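**Q** Here you go, one structure.
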Amino acid sequence: MSQTATRTSRIHVKPNESGFGAEITGLDLSQPLPPDALAELKQAWADHAVVWFPDQPLTHDQLEAFTLQIGPFGQDPFIAPMEGRPHILELRREPDEKARNFGAGWHSDWSFQEAPPAATILHSKIVPPVGGDTLYADCTRAYEALSPVMKRLLEGLVAIHSAALPYGTKGVFAQEKEARTMKIIVSEEAEKTCPHPLVRTHPVTGRKALFVSPVYTVGIEGMTQQESAALLGFIYKHVTSEEFVYRHRWQPDMLTMWDNRCTLHFADGGYDGHLRVMHRTTVAGDVPH
Ligand code: SIN
């Protein structure tokens, strides 16, 4: 990954020092992007996994149109979309809301799906003056930092994913007592399980990454619950350790796009008393391998 700012013909990419995460300026996302600019954007996304574009006021139509330039929409279950906008979720928390902020657990979006989304795109509408950051963990560097022995142990293991813990009929949202603005749809569907390789190869970069999702990964195939809890516990601690985490501070009208194939994210709270409104789309992905 490039670690210095690089100026190209159209876009300016300013990576974080680690190479994980980059700010992109010089583009107007409200308009269709010329093919070469789109190619450069996609390359920067492949290189840095999380990319953000400040100062991009977008209508719903423009957010949808930008998303479709990255790829077809993903399927977003268990959350009612915005009215008339089946592919946009509004992540909204009112100032007086007591329910825990949405997304406050490390996860890769919808990792329990057979083909989880490649990208999530989040566009900030109203940003609280304090708190409300999003944390991202770099699952590629976390994999690469493991010892050869641990890599060999993990290679070939299959993790089981399920939406039951948050969205099942006995899950966290089903038992929630506090009122929530977002409409969550708890369902027996959430209790299904889906196996994925614990180490996956990125289809664009060819790099290997840990593919676990603490909110959705419920075990490792062929291991006892105790064994998989111990191994997963180690992996979660490792991948979310400070050296692999980037804390993203939002500004209004910022669009951020992350790669669910090689990152985890965590929506931080700390903004009680303030409104936070974000609009989210996903881009379909492939079956992990
Ligand atoms: C999420 O998509 O998990 C929420 C991220 C955020 O609201 O910061």
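**Q** For the range 92-109, how many residues meet the condition of being open to solvent by less than 30 Å² (accessible area, probe 1.4 Å) and touching a Gly at 6+ places or on another chain (Cβ under 7 Å)?
**A** Here the count works out to 2.
**Q** Does any residue in the range 237-254 that is touching a residue at least 12 places away in the same chain (Cβ under 8 Å) and over 23 Å from residue 122 (Cβ atoms) come within less than 8 Å, Cβ to Cβ, of a residue that is outside any helix (DSSP H, G or I) and within 14 Å of the ligand (Cβ to nearest atom) six or more places away or on a different chain, and which pairs are these?
**A** Taking only residues 6 or more apart or on different chains, not a single pair turns up.
**Q** Looking at 215, 245, 204 in this structure, which one is closer than 24 Å to residue 24 by Cα, within 16 Å of the ligand (Cβ to nearest atom), among the aliphatic types (A, V, I, L, M) and open to solvent by 10 Å² or more (accessible area, probe 1.4 Å)?
**A** Being closer than 24 Å to residue 24 by Cα, within 16 Å of the ligand (Cβ to nearest atom), among the aliphatic types (A, V, I, L, M) and open to solvent by 10 Å² or more (accessible area, probe 1.4 Å) holds for just one of 215, 245, 204, which is 245.
**Q** Another one. So, residue 281, is that one crowded, with 21+ Cβ neighbours inside 10 Å, within 11 Å of the ligand (Cβ to nearest atom), at pLDDT 95 or above and more than 20 Å from residue 78 (Cα to Cα) or not?
**A** Spelling it out, it is not the case that residue 281 is crowded, with 21+ Cβ neighbours inside 10 Å, within 11 Å of the ligand (Cβ to nearest atom), at pLDDT 95 or above and more than 20 Å from residue 78 (Cα to Cα).
**Q** Filter the range 128-174 for residues that are within 19 Å of the chain's Cα centre (by Cα), open to solvent by 30 Å² or more (accessible area, probe 1.4 Å) and within 16 Å of the ligand (Cβ to nearest atom) and give the result.
**A** Residue satisfying the conditions is 165 alone.
**Q** Please list, ordered by first then second residue, the pairs with beta carbon atoms under 6 Å, 6 or more apart or interchain, first in the range 99-126 and closer than 22 Å to residue 189 by Cα, second near the ligand (Cβ under 8 Å from one of its atoms) and of a type in the set (Val, Ile, Thr).
**A** 109/120
**Q** Of 270, 233, which residue is within 16 Å of the ligand (Cβ to nearest atom) and open to solvent by 10 Å² or more (accessible area, probe 1.4 Å)?
**A** 270
**Q** Can I ask one more? Look through the range 79-91, keep the residues that are at negative phi and away from the ligand (no atom under 13 Å from the Cβ), and return whichever of them is surrounded by the most Cβ atoms within 10 Å (Cβ to Cβ).
**A** Here the answer is 87.
**Q** Filter the range 110-127 down to the residues that are open to solvent by less than 20 Å² (accessible area, probe 1.4 Å), under 12 Å from residue 212 (Cα atoms) and either modelled with pLDDT under 95 or out of contact with any Gly (no Cβ under 9 Å at 6 or more places or on another chain) (or both) and list them by number.
**A** 111 - this is the single residue of the range 110-127 that is open to solvent by less than 20 Å² (accessible area, probe 1.4 Å), under 12 Å from residue 212 (Cα atoms) and either modelled with pLDDT under 95 or out of contact with any Gly (no Cβ under 9 Å at 6 or more places or on another chain) (or both).
**Q** Would you call residue 178 under 21 Å from residue 221 (Cα atoms) and either open to solvent by 20 Å² or more (accessible area, probe 1.4 Å) or part of a helix (DSSP H, G or I) (or both)?
**A** no
**Q** Now, a different point. Give just the number: which of (1) in a loop (DSSP other than H, G, I, E, B); (2) of a type outside the set (Gly, Ala, Ser); (3) touching a Ser or Thr at 6+ places or on another chain (Cβ under 8 Å) does residue 31 not satisfy?
**A** Condition (3) is where residue 31 drops out.
**Q** Can you tell me which residues in the range 272-289 are aliphatic (A, V, I, L, M) and more than 17 Å from residue 121 (Cα to Cα)?
**A** 275, 287
**Q** For the range 250-289, what are the residues that are part of a loop (DSSP other than H, G, I, E, B) and closer than 20 Å to residue 29 by Cα?
**A** Of everything in the range 250-289, those that are part of a loop (DSSP other than H, G, I, E, B) and closer than 20 Å to residue 29 by Cα turn out to be 250, 251, 252, 253, 254, 284.
**Q** A further question on this structure: Which ones in the range 181-211 are under 29 Å from residue 147 (Cβ atoms), part of a loop (DSSP other than H, G, I, E, B) and in contact (Cβ under 8 Å) with a residue 24 or more places away in the chain?
**A** Once the filter is applied, which keeps residues that are under 29 Å from residue 147 (Cβ atoms), part of a loop (DSSP other than H, G, I, E, B) and in contact (Cβ under 8 Å) with a residue 24 or more places away in the chain, the range 181-211 yields 198, 202, 203, 204, 205, 207, 211.
**Q** Turning to a different aspect of this structure: Before we move on, is residue 79 at pLDDT 95 or above and closer than 30 Å to residue 167 by Cα?
**A** Answer is yes for this residue.
The values are calculated or read from the model by the stated rules, or taken from the named source; none is laboratory data. Computed from a prediction, not measured in an experiment: that's the story for all the values here. Cβ atoms come from the backbone with ideal geometry, glycine included; neighbour counts cover every protein chain shown. The protein model used for the area step is the full one, side chains on, heavy atoms only, and it has no ligands, DNA or RNA in it. Shrake-Rupley method; radii C 1.70, N 1.55, O 1.52, S 1.80 Å.
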